[in-house]
Amino acid sequence: MDDRSSKLILVPILAVLFVMIGYQYICPAGSNSCHFKTEEKLRGVSLLSSSYQDSDDFYRDQDLEDDSPAKLPSKFNFTERDLDRHVEFNIKGDDVIVFLHIQKTGGTTFGRHLVRNIRLEQPCDCKPGQKKCTCHRPGKEESWLFSRFSTGWSCGLHADWTELTNCVPVIMDKKEAQRNKRNFYYITMLRDPVSRYLSEWKHVQRGATWKTALHMCDGRSPTQDELPTCYSGDDWSGVTLTEFMNCPSNLANNRQVRMLADLSLVGCYNLSSMNESQRNQILLGSAMSNLKNMAFYGLTEFQRKTQYLFERTFSLRFISAFTQINSTRAANVDLSELVRRRIEELNFLDVQLYEYAKDLFLQRFQFTRQREHQEVRLKRREERRWLREGGGNRGGGGGLEKETDSDFPTTTEDYTSQVAHW
């Protein structure tokens, strides 16, 4: 090949590289400023809460599929009822969303999304400098959201399932007298147990204690003997990971299972009420059941899917897309394999719960996407049929193209391959 030919080939290659490098400066990864088509679509979207329409959706198919793990056969026999979580949430009626906030699961970020990032006819009133927002129903002085950033820690700091289910109805009745019975829709966030545990350790190391948490169960808080503290003094600042792992009463251990289970089934914090193996089995089963029956839960590791499923569950839309942040304090901890295994052993119930939760979460996503695509296909077929039967005759007929699969959105995940037949 002569020098002239080499230069002719090199010029377009350099031009492409120049454009790509320039694009990275203009539209860096994670930027929301470069979704040109998305912004055009959003300008015409009503701010009123309504069901999702295909034309309004600012998701791209690839955005939702990028964070999907390789397909694995399901270990659990979920039914269609388990997978279909759409609820008729009536924000103008008597429905209330209750957010169970488990420490270090991304709950603070998700909680802010609930009060600041949902398109509503009457948005939450969040005043600068105030920790709580007022989230009232349209035209009423009644709250539709029970959470840290709306009602505050009304049932105690980081109240768990046992506390919330007993406390929320009482608190709501005290604050707002009403004749009709409320419908409570519980939601939560979960996180990979090792990452969550490390994040809690780093948080405690910086001085966090949560010592004002009530841990109410069967009408009382645990005694000092039932729940000994892991440290002396005001806090556990500067604690090493080894010290953190060596405290047997550390509430960080299996925190997600404990906060989602009905603790009254095991005698609350009284460990002498039954043997450890039986207690663990009951706690895990209760946590799994409560999680499955919640209106919604999300996973910290799947932000886009969490947003997608919340919106489809409640027919509410967020203003801006969730962001996946993988560079966390937990991610920056350099762990040996031995220490990782020790953390997994300390959190062996949470490991089992998360495996169950992740499987169900991804199947729900696949089920919802598949159904949504089927609805779009049916809608477009009806439009084509209408054109064939009458609407299409105005143009002289014969101009309709044959329907093909390429005319419809496709899904790269087929939930049916992972769902046990019932």
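The values are calculated or read from the model by the stated rules, or taken from the named source; none is laboratory data. Every value quoted in this text rests on a predicted model; they were computed, and no experiment measured them. All Cβ positions, glycine included, derive from the backbone under ideal geometry; neighbour counts span all protein chains shown. Surface areas here come from the heavy atoms of the whole protein model, side chains and all, with no ligands, DNA or RNA. Shrake-Rupley method; radii C 1.70, N 1.55, O 1.52, S 1.80 Å.
Taking first residues from segment 263-280 that are free of Cβ contacts under 8 Å to residues at least 40 places away in the same chain and partners that are open to solvent by less than 30 Å² (accessible area, probe 1.4 Å) and of a type in the set (A, V, I, L, M, F, W, C), the Cβ contacts under 8 Å between residues at least 6 apart in sequence or on separate chains come to LEU265/LEU283; VAL266/LEU283; SER273/VAL266; MET274/VAL266; ARG279/VAL266.
One residue stands out in segment 211-252 among those that are without any contact (Cβ under 8 Å) to a residue 40 or more places away in the chain and of a type in the set (Asp, Glu): the one that is farthest from ASN166 (Cα to Cα), namely GLU243.
Highlighted here are the helices (runs of 4 or more DSSP H) found entirely within segment 290-401 that include at least 1 residues which are surrounded by fewer than 14 Cβ atoms within 10 Å (Cβ to Cβ) and under 24 Å from the mean Cα position of the chain (by Cα): 348-389. Residues in segment 125-168 that are on the phi > 0 side of the Ramachandran plot and either aromatic (Phe, Trp, Tyr) or at pLDDT below 95 (or both): GLY129, GLY139. Taking into account only those residues within segment 177-203 that are assigned to a loop (DSSP other than H, G, I, E, B) and modelled with pLDDT of 95 or more, which is most open to solvent (accessible area, probe 1.4 Å)? Filtering first and then ranking leaves ASP192. For first residues located in segment 68-82 and over 11 Å from LEU362 (Cβ atoms) and of a type in the set (Asp, Glu), partners that are modelled with pLDDT under 80 and surrounded by 10 or more Cβ atoms within 10 Å (Cβ to Cβ) and lie 6+ apart or on another chain with Cβ distances below 8 Å form the pairs GLU80/VAL419. Does GLY93 satisfy the criteria of being open to solvent by less than 40 Å² (accessible area, probe 1.4 Å) and on the phi > 0 side of the Ramachandran plot? For GLY93, the condition - open to solvent by less than 40 Å² (accessible area, probe 1.4 Å) and on the phi > 0 side of the Ramachandran plot - is not met.
The lone criterion from (1) touching a helix residue (DSSP H, G or I) at 6+ places or on another chain (Cβ under 9 Å); (2) surrounded by fewer than 16 Cβ atoms within 10 Å (Cβ to Cβ); (3) in a helix (DSSP H, G or I) left unmet by SER272 is number (1).
Somewhere in segment 102-119, is a residue part of a loop (DSSP other than H, G, I, E, B), of a type in the set (A, V, I, L, M) and open to solvent by 10 Å² or more (accessible area, probe 1.4 Å)? Within segment 102-119, none of the residues are part of a loop (DSSP other than H, G, I, E, B), of a type in the set (A, V, I, L, M) and open to solvent by 10 Å² or more (accessible area, probe 1.4 Å).
On the given criteria, is ARG255 touching a residue at least 12 places away in the same chain (Cβ under 8 Å) and under 27 Å from the mean Cα position of the chain (by Cα)? Answer is yes for this residue. With respect to (1) at pLDDT 95 or above; (2) under 30 Å from the mean Cα position of the chain (by Cα); (3) basic (Lys, Arg); (4) surrounded by fewer than 15 Cβ atoms within 10 Å (Cβ to Cβ), the lone exception for ARG220 is condition (2). Residues that are of a type in the set (Phe, Trp, Tyr) and open to solvent by less than 20 Å² (accessible area, probe 1.4 Å) are absent from segment 157-172 altogether.
Here ARG206 qualifies as within 28 Å of LEU114 (Cα to Cα), among the basic types (Lys, Arg) and exposed (fewer than 14 other Cβ atoms within 10 Å of the Cβ).
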